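**Student:** The structure follows.
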Amino acid sequence: AGLWTVFTLGGAGSKATAQLEQCSPLANQSLLLLLVLANLTDAPDTPNPYRQAIVSFKNTQDSTAFSASTPHAFQINFNSLYTALCEQQKSDQATLLLYMLLHQNTNVRTYVLARTDIESLV
């Protein structure tokens, strides 16, 4: 539930960035923390678990099993994530999250490219 709050930015809707930070400061700070943690460099012997989770999460509609090599994998509703990202494109943090997801998570990239309403995201 906490991670979902980060992805939806507290459900703040399409408010300006300054209003968003005042309306849902916990969601804003949580998203910033997630972005920082996911972009930390990997240790020589241990990969970054936050990056692994961001790179490997799947859609709740996907019934394929997780690989044993991805212990930090989880599932999330891509439709809700897509809607939240479309509503928050005025936020730099949400745009950076979208960029990271499109470049690093093949499941998200495939889902976004398959959408017929991609102009709402652009």
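The values are calculated or read from the model by the stated rules, or taken from the named source; none is laboratory data. Computed from a prediction, not measured in an experiment: that's the story for all the values here. Reconstructed Cβ throughout: ideal geometry from the backbone, glycine too, with neighbour counts over all protein chains shown.
**Student:** Going through the range 1-27 one residue at a time, which ones are of a type outside the set (Lys, Arg) and either at pLDDT 85 or above or in a loop (DSSP other than H, G, I, E, B) (or both)?
**Tutor:** ALA1, ALA12, GLY13, SER14, ALA16, SER24, LEU26
**Student:** So which residues in the range 105-122 are surrounded by 10 or more Cβ atoms within 10 Å (Cβ to Cβ) and among the hydrophobic types (A, V, I, L, M, F, W, C), if there are any at all?
**Tutor:** Within the range 105-122, VAL108, VAL112, ILE118, LEU121 qualify.
**Student:** Here's something else I'd like to know. Name the residues in the range 78-104 that are buried (at least 19 other Cβ atoms within 10 Å of the Cβ) and in a loop (DSSP other than H, G, I, E, B), would you?
**Tutor:** GLN88, SER91
**Student:** Has the range 66-75 got at least one residue that is in a helix (DSSP H, G or I) and modelled with pLDDT of 85 or more?
**Tutor:** no
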